[in-house]
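J.: Before we start, here is the structure in question, set down as C-alpha cells.
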Amino acid sequence: MEISIGTMVLVPAIAVAAPLLVRAIGKWVAIPLVVFEIVLGLLLGPAVLGWIVPDDFMTLLADFGLAMLFFLAGNEIDFRAIRGRPLSRAAIGWIISLAAGIGLATLLAADLPAAAFIGIALTSTALGTIMPVLRDSGDLGTPFGIAVIALGAVGEFGPLLAISIFLSGRSPLLATVVLLSFAVIAGIAIWLAAKGVGKRMHRVITATLHTSGQFAVRLVIFVLLALVALSIVLDLDMLLGAFTAGVLYRLLISGAPKRDIEVVETKLEAVGYGFLVPVFFINTGVAFDLESLFADARTTVLLPVFLVLLLVVRGLPSLLAAPAGSSRRDLVATALFGATGLPIIVAVTAIGVDNGDLPSGTAAALVGAGMLSVLLFPLIALAIRKGRSDAATRTAEDDPFVPVEG
C-alpha cells in the first residue's frame, strides 16, 4: 500500500487548520467545520494545487471515517425523544421524498438505474453534520431540534435501506430477504442489549476507563467492525452496519454510571471527530471531480438544479415533521435542515459511478450540490431562527409582560 508523504502531512494540517478558521471567521459568520475541511481538501487536491495525491491508505481511512460518522449518528439518536409524532411524520415525509426524488430524476437521467441513484441521493439528510450545528446553537433538546433529529435519523436510515434493496444488484425480492436477515441478527443483538445484557460490562468499563485497557473504546471498535463486516458479507452497504452499531452501542452502555458514559462519549468523539471523520470530509474535497463538473455546460447546470431539488424533494416533505404550531421561520428552518445532505450523496454516487450507471459529471454535480447544502442551508436556517429570537427579544423589551419564546 503506497502512502504519499505529502498526504500524510497535509491531511492532518487541514484537520488542524479547519477549526482555527471556524473560530476566526465565526466572529462574523458561523460556517460549519466540514465546509472548511472539504474546501481545503479541494484546493490542495488534484483539482487545484495537486499537493495531496489520493492513495489507498487515505481512501481506507476515509471509508473508516464515514463509517465512524454513521456510528456516531446512530449512537447520538435518542429514540425515546423522537418516537411518536416526530419519527412517524419524518418517515412519511421520507417516503414522499423517495417517490418525488425518483420521479423527478427520471426527467434528468438517461435511464432508470441512473434515476434511482439520483433519486435516492436526493432523499438524504446529513444527521452527523447537522447535529453538531444544533448542539452549538442550543437547539438540540428543543421541539425544533427533536424534529430535525427525527428527520436526520430517517434521512440516513431510509436511504441506506433503499441502497440495500434497489442498488445492490440483486432482485428486489432477494435483496429484501437478505436485508431481513441482517435485520433479524441486528434486532436480536439490540433486543438483548435493551434487556440489559451489557450491564455486566459496566464494571469493566469503569475499571478500565483511565487505564491502558480502554475497554469501552475497544468495544466500540469491535461492535462497529463486526456489524460493518456483517453488512459486507451480506453484500449490503457498510453504512447500514455502522449506523446499526451506533444504536446497539447506545443500548449496551445505557445504565452505566452517568459520569462514565460522559467520559466514554468524550473519548469516542475524540477518536471520531478528532481523527477519522475529518479524513472523510477532507478526502471528499480531494477526490471531487471538478474537471468532470465543468467539462460540459449541461453538467454544470445540474449543480444548481440538484441544489433546488434537494429543497423540493427533501426539504418540503420535511415540513411534516415540524412541531405543531411552528412559526413560519421554524418551518423554513426545518425544511433547510432537512435538505442538508452530503455523506449519503457521496456514498450513493460512488456506487453509481463504480457500477457504470451514473456519469461522473452527474455524480460531481450531486456531490457539489451536497457540499453547497452543507455550506448554505444550516447557515440560512440558523439566521432565520436567530431573527425569530431577536424579534421575540425586542418584543419583550418593548413590553415586559410579553413572554419570550424559547
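The values are calculated or read from the model by the stated rules, or taken from the named source; none is laboratory data. Everything numeric in this text was worked out from a predicted model, so none of it was measured. Glycine also receives a Cβ, built like all others from the backbone with ideal geometry; neighbour counts cover every protein chain displayed. Only protein heavy atoms, including side chains, enter the accessible area calculation; ligands, DNA and RNA are left aside. Shrake-Rupley method; radii C 1.70, N 1.55, O 1.52, S 1.80 Å.
J.: Provide a single number: the residues in the range 116-152 that are out of contact with any Pro (no Cβ under 7 Å at 6 or more places or on another chain), open to solvent by less than 10 Å² (accessible area, probe 1.4 Å), farther than 20 Å from GLY65 by Cβ and assigned to a helix (DSSP H, G or I).
T.: Final tally of qualifying residues: 7.
J.: Any residue at all in the range 314-337 that is in a helix (DSSP H, G or I), under 17 Å from PRO159 (Cα atoms), polar (S, T, N, Q) and in contact with a Phe, Trp or Tyr (Cβ under 9 Å, 6 or more places away or on another chain)?
T.: Within the range 314-337, one or more residues are in a helix (DSSP H, G or I), under 17 Å from PRO159 (Cα atoms), polar (S, T, N, Q) and in contact with a Phe, Trp or Tyr (Cβ under 9 Å, 6 or more places away or on another chain).
J.: If you don't mind, there's one more thing I want to ask. Would you confirm whether any residue within the range 181-189 is closer than 21 Å to ARG250 by Cβ and over 25 Å from the mean Cα position of the chain (by Cα)? Lay out the reasoning, then the answer.
T.: Narrowing the range 181-189 to residues closer than 21 Å to ARG250 by Cβ: 182-189.
Next, only the ones that are over 25 Å from the mean Cα position of the chain (by Cα) stay: 188.
Taking every residue of the range 181-189 in turn, at least one turns out to be closer than 21 Å to ARG250 by Cβ and over 25 Å from the mean Cα position of the chain (by Cα).
J.: So which residues in the range 24-44 are of a type in the set (Gly, Ala, Ser) and modelled with pLDDT of 90 or more?
T.: Listed by number, the list holds a single entry, GLY41.
J.: Filter the range 78-115 down to residues that are of a type outside the set (A, V, I, L, M, F, W, C), under 18 Å from ALA335 (Cβ atoms) and open to solvent by less than 70 Å² (accessible area, probe 1.4 Å), then give me how many there are. Even if it seems obvious, please write down each step before you answer.
T.: Narrowing the range 78-115 to residues of a type outside the set (A, V, I, L, M, F, W, C): 78, 80, 83-86, 88-89, 93, 97, 101, 103, 106, 111, 113.
Now restrict to residues that are under 18 Å from ALA335 (Cβ atoms): 85-86, 89, 93, 97, 101.
Pick out the ones that are also open to solvent by less than 70 Å² (accessible area, probe 1.4 Å) and you get 86, 93, 97, 101.
Of the residues in that region, 4 qualify.
J.: Quick one: in the range 290-303, of everything that is open to solvent by less than 70 Å² (accessible area, probe 1.4 Å) and not aliphatic (A, V, I, L, M), which residue is modelled with the highest pLDDT?
T.: To start, the set of residues in the range 290-303 that are open to solvent by less than 70 Å² (accessible area, probe 1.4 Å) comprises 290, 292-293, 296, 299-300, 302-303.
Those left that are additionally not aliphatic (A, V, I, L, M): 292, 296, 299-300.
Working: SER292: 83, ASP296: 81, THR299: 84, THR300: 88.
Per the stated criteria, the residue is THR300.
J.: Let me ask something else about it. What is the residue count in the range 283-310 for residues that are within 26 Å of ALA90 (Cβ to Cβ) and touching a residue at least 40 places away in the same chain (Cβ under 8 Å)?
T.: Result for the range 283-310: 6.
J.: A follow-up question, please. Would you be able to say whether some residue in the range 51-72 is at pLDDT 85 or above, of a type in the set (A, V, I, L, M), open to solvent by less than 70 Å² (accessible area, probe 1.4 Å) and not in a helix (DSSP H, G or I)?
T.: yes
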